[in-house]
Amino acid sequence: MKKKYIVLIVLIIVLIILNIFDFNKNDVIPPVEETPEVPSLDDDKHYEEIIDEKYYEKLDIKGAYNDNQAYHPKVLSFDNKWNGYKYWMSFTPYPYSDSKKENPHIVVSNDMINWKSIENFKNPLDEVKNTANGKRYNSDSHLVYNEQTNELECWWRYVDDVANKVIIYRRTTKDGVIWTKKEEVIVSNNRKKLDYVSPAIIFENGMYKVWYVLHNQVYFIESNDLKNWSTPVKMNILYDEKVKTWHIDVIHTEKGYEMIMVAYKEWKYRNIMNLYYSKSTDNNNWSIATTILKPSKEKENWDNSGLYRSSFIYKDGKYYVFYSGINKNNSKGIGLVVGYEITNLKHINYKSTY
């Protein structure tokens with residue numbers, strides 16, 4: 001009897017042990033599936049997704065007015081995310097040329113394709129309360145990164161044609177959410193004589209370097225305190241055709257100072273402009289500005305009338321150009337073209353790649 005009891009007890013123990021092991025096996029928490037990162041456009045393998053088809057889309061960039069007619073972009077790229085994002089853009093909505101909505105906006109992205117407003121921040125950075133029937137308006141926003149203070153700065157141009165005045169304003173932020181009050185940086189009390197169209201600003205070596213357009217010519221000034229400015233110097237930029245400079249952007253790369261600009265033949269043709277490129281190693285002698293992008297010839301495309309102020313970055317051997325476009329119905333937008341050479345830019349198949 002004792003042996004039977006012993007055998008029975010052993011069997012019971014074995015069953016208990018087996019059940020415990022089986023329970024643990026079934027109770028193992030499955031590994032958490034990591035959410036794949038959004039593919040980055042600056043990854044070489046995605047360069048193969050670039051297309052050069054007849055039909056392409058503009059980026060979906062909406063601001064405070066929910067119109068997807070973003071205009072006049074400036075894009076900054078960070079190797080490491082700045083406050084959570086690799087790419088920061090300023091732009092001014094300009095739906096059907098409504099200057100009341102041409103106010104500085106900020107959006108962010110981690111892939112250059114999907115752009116959104118910042119959490120807990122409300123666009124725009126400024127609005128003109130009394131537009132005087134279109135004679136007062138904001139325009140020409142630009143982003144600057146100050147590495148000494150680790151701050152992002154948004155500059156923009158305010159025009160008051162009632163008082164014949166132009167002011168370049170600035171607001172700064174340490175996190176993209178809380179911004180300082182706007183301050184006057186550059187003022188002209190006679191716009192007809194002295195204007196600051198499409199200012200392109202770089203902060204480097206403790207200096208703010210500003211290129212701007214006055215009477216269809218590019219000028220340069222600099223300052224280390226935003227109070228005392230150098231004497232304006234005209235940049236001697238020639239084109240491969242007879243046109244007049246209007247809006248510009250400038251970056252500083254290993255190749256020197258590089259500039260893209262839109263230019264028109266006559267004022268009445270300012271809505272059918274091309275995009276041009278020039279560079280300089282000394283910010284004095286500039287190469288002949290050559291055409292790098294033209295409006296679409298397809299009647300279905302969103303940019304089939306002309307181009308406008310554009311922005312570009314140079315990263316890992318490739319150019320990324322965010323260009324403003326307008327169609328024959330006066331609708332606006334921002335598109336993206338990419339190329340290893342600035343003279344060989346191609347459109348992106350956003351939906352296929354992303």
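Residues are listed down the side, and each one gets a yes or a no for (1) touching a Ser or Thr at 6+ places or on another chain (Cβ under 6 Å); (2) closer than 22 Å to TRP82 by Cα; (3) among the aliphatic types (A, V, I, L, M):
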position	(1), (2), (3)
CYS154	yes, yes, no
THR180	yes, yes, no
ASN205	no, yes, no
LYS242	no, no, no
ILE260	yes, no, yes
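Residue by residue, here is whether (1) within 23 Å of the chain's Cα centre (by Cα); (2) among the aliphatic types (A, V, I, L, M); (3) surrounded by fewer than 18 Cβ atoms within 10 Å (Cβ to Cβ) holds:
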site	(1), (2), (3)
THR131	no, no, yes
ASN138	yes, no, no
SER141	yes, no, no
ASN146	yes, no, yes
ASN150	yes, no, yes
ILE168	yes, yes, no
PRO199	yes, no, no
VAL210	yes, yes, no
ASN216	no, no, yes
Seminar exercise, completed: Note on segment 100-122: residues crowded, with 18+ Cβ neighbours inside 10 Å and of a type outside the set (A, V, I, L, M, F, W, C) are LYS101, GLU102, ASN103, PRO104, HIS105, SER109, ASP111
For this session: Would you be able to tell me the number of residues in segment 176-190 that are basic (Lys, Arg) and touching a Lys or Arg at 6+ places or on another chain (Cβ under 6 Å)?
Result: 1
Exercise. When segment 324-335 is examined, which residues are found to be in contact (Cβ under 8 Å) with a residue 60 or more places away in the chain and assigned to a strand (DSSP E or B)?
Worked result: SER324, GLY325, LYS332, GLY333, ILE334, GLY335
For this session: Answer yes or no as to whether TYR65 is surrounded by 23 or more Cβ atoms within 10 Å (Cβ to Cβ) and either hydroxyl-bearing (Ser, Thr, Tyr) or modelled with pLDDT of 95 or more (or both).
Result: no
Seminar exercise, completed: Scanning segment 309-320 for residues that are surrounded by fewer than 24 Cβ atoms within 10 Å (Cβ to Cβ) and in contact (Cβ under 8 Å) with a residue 40 or more places away in the chain gives ILE313, TYR314, LYS315, ASP316, LYS318, TYR320
Exercise. What are the pairs, 6+ residues apart or on separate chains, where a residue within segment 210-230 that is without any contact (Cβ under 8 Å) to a residue 24 or more places away in the chain and under 28 Å from TYR264 (Cβ atoms) has its Cβ under 6 Å from a residue that is in a loop (DSSP other than H, G, I, E, B) and among the acidic types (Asp, Glu)?
Worked result: LEU214/ASP195
Seminar exercise, completed: For segment 68-98, the count of residues that are of a type in the set (A, V, I, L, M, F, W, C) and either surrounded by fewer than 17 Cβ atoms within 10 Å (Cβ to Cβ) or not in a strand (DSSP E or B) (or both) equals 2
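The values are calculated or read from the model by the stated rules, or taken from the named source; none is laboratory data. Quantities reported herein were computed from a predicted structural model and do not represent experimental measurements. So basically every Cβ, Gly included, is an ideal-geometry build from the backbone, and we count neighbours across all protein chains shown.
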